[in-house]
Amino acid sequence: METLQMKTPLVEMDGDEMTRVLWRIIRDELICPYVDLKTEYYDLGLPHRDETGDQVTLDAANATRRLGVAVKCATITANRHRQEEYGLKEIWPSPNGTIRAVLDGTAFRAPILLPFLRPAVPGWEKPITVARHAYGDMYKAVELVTNEPGVATLEFTGESGRTQSLTVAKTKGPAVFQGQHNTEGSIRAFVRSCFQYALDTKQDLWFSAKDTISKEYDGEFRRVFDEEFANTYKVKFDALGLQYFYTLIDDAVSRVMRSKGGFVWALKNYDGDVMSDMIAAAFGSLAMMTSVLMAPDGSVEFEASHGTVTRHFYRYRAGEKPSTNATATIFAWTGALRRRGELDGLPDLVSFAGKLEAACLETMRDGILTGDLAVLVEPEHCRQIVNYEESLEAIATRLAKKMHDADRR
């Protein structure tokens with residue numbers, strides 16, 4: 001069987017811990033036997049980020065803008081504990097936050113569904129897609145800890161020389177402060193991408209924030225959503241029978257729980273981070289959630305929406321073979337390969353991505369499940385609980401048959 005050819009490389013961002021282990025197996029055993037894989041490789045593992053002063057993360061983000069398509073493994077976001085564990089020179093920022101700041105895109109996250117995997121919310125009949133603004137808020141915030149009484153102020157000096165100033169707080173003792181920001185341009189790009197995604201997928205669009213409390217910051221998001229809808233998207237939504245509405249985020253949570261699903265839920269950066277994990281867990285597993293970052297210039301980055309599966313990695317390092325679900329990481333690869341094939345006019349590469357996804361889903365439908373799914377299904381739907389190696393071997397077997405059958409035709 002001849003390997004499928006690629007024209008343009010993908011940006012490949014390697015990661016950390018258990019997902020790094022899965023990454024190599026997926027690449028070498030599920031993709032490379034069938035695709036002459038071309039990638040521009042960047043090691044975003046925490047040790048290498050530390051070695052390069054995090055320059056590798058910026059390089060990977062800029063490469064994504066240049067090549068247009070990237071696939072990313074899950075990475076560690078460092079804290080003081082991780083600094084001690086890895087002996088880091090600094091507590092480096094979230095690589096996802098850095099990449100999103102460079103690309104200024106929107107992260108769309110949607111669950112991967114199985115017919116026998118019932119959501120924890122019984123009324124959900126269709127997937128819920130979280131559209132997460134991927135710039136600013138606490139991910140670009142500055143923070144300050146003080147140890148004496150004093151006054152904190154927020155000051156802005158415009159290019160005109162005009163200064164605006166607000167008193168944040170007068171403190172009587174030690175305190176902690178955080179300054180967040182966003183830009184009108186980034187908010188508007190987020191809003192437009194949400195409306196366009198809803199139109200493309202023919203789904204209603206909800207946006208929620210807390211403008212009753214954050215009257216200026218959250219209010220700016222609501223203002224731009226309302227303005228873009230009225231001026232550009234209302235006629236298009238009406239033509240398709242779609243609805244857009246805003247509601248406070250606490251009201252939105254209760255509405256989501258009572259809904260049947262089947263809509264796009266647009267959220268600010270941190271809100272989207274939290275709620276996408278809630279949606280993933282309620283639909284089944286964090287390992288069953290896709291994530292694609294779409295930038296205004298058309299570049300896209302595919303990744304799993306979960307973390308590095310640290311507890312499984314510690315067990316792996318101790319010689320065990322944990323039951324880690326690789327589905328979302330596989331779908332990150334297939335999403336990137338499909339997009340690359342579409343952009344470069346390579347239908348066979350697009351078809352391969354579909355076959356790999358089908359092999360993955362068929363393995364689970366055949367009752368071969370990792371532990372995270374096995375505890376969620378009725379006994380008749382679980383024939384075998386497997387570790388990560390056994391799961392990937394079962395997927396490889398089904399993929400080989402699909403590729404062989406296609407080659408014979």
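Any read-out appearing in this document is the output of simple, stated calculations on the displayed coordinates, not a laboratory observation. Everything numeric in this text was worked out from a predicted model, so none of it was measured. For neighbour counting, all protein chains shown are included, and Cβ atoms are generated from backbone atoms with ideal geometry for every residue, glycine included.
Observations on the structure shown:
- Theoretical FRET efficiency, 1/(1+(r/R0)^6), r = Cβ-Cβ of Y41 and R383, R0 30 Å, to 0.05: 0.20
- To the nearest ten degrees, helix 249-258 and the longest principal axis of the Cα atoms of the chain are 30 degrees apart.
- Per-residue HN-Hα couplings for segment 53-63 [Karplus 6.51, -1.76, 1.60; θ = phi - 60°; Hz; x = Gly/Pro]: x, 6, 5, 4, 5, 4, 4, 5, 5, 5, 5
- Segment Q164-V375, length gained on full extension (0.36 nm per residue, minus Cα span): 70.3 nm
- Only Lys, Arg, Asp and Glu carry charge here, each on its Cβ (+1 for the first two, -1 for the last two); on that basis the chain has a dipole of about 680 debye about its Cα centre.
- Amide H contacts under 5 Å for V386, placed H, 5+ residues apart: L369, T370, G371
- Per-residue Karplus couplings for segment 105-116, computed as 6.51 cos²θ - 1.76 cosθ + 1.60 with θ equal to phi - 60°, are listed in order as x, 10, 9, 9, 10, 9, x, 8, 9, 10, x, 9 Hz, Gly and Pro entered as x.
- With both residues required to sit in the chain, DSSP beta bridges show an antiparallel share near 50%.
- For L4, nonlocal amide neighbours, meaning residues 5 or more places apart or on other chains whose placed amide H falls under 5 Å from its own, are V35, D36.
- Cross-link partners of K321 among aspartates and glutamates (Cα-Cα below 13 Å; sequence separation of 8 or more within a chain): E389, E390
- For segment 35-107, the set of trypsin sites (Lys or Arg not before Pro) satisfying both a DSSP loop assignment and a count of at most 12 other C-beta atoms within 10 Å is given as K89.
- Near K7: Cβ cut-off under 10 Å, other residues only, Lys/Arg at +1 and Asp/Glu at -1. The net charge is +1.
- Listed by chain and number, the lysines whose C-alpha is less than 28 Å from the C-alpha of K236, apart from same-chain residues fewer than 8 away, are K126, K202, K210, K260, K268.
- Along the axis of the charge dipole computed for the chain (Cβ charges of +1 for Lys and Arg, -1 for Asp and Glu, origin at the Cα centre), the listed residues H81, T163, M288 are led at the positive end by M288.
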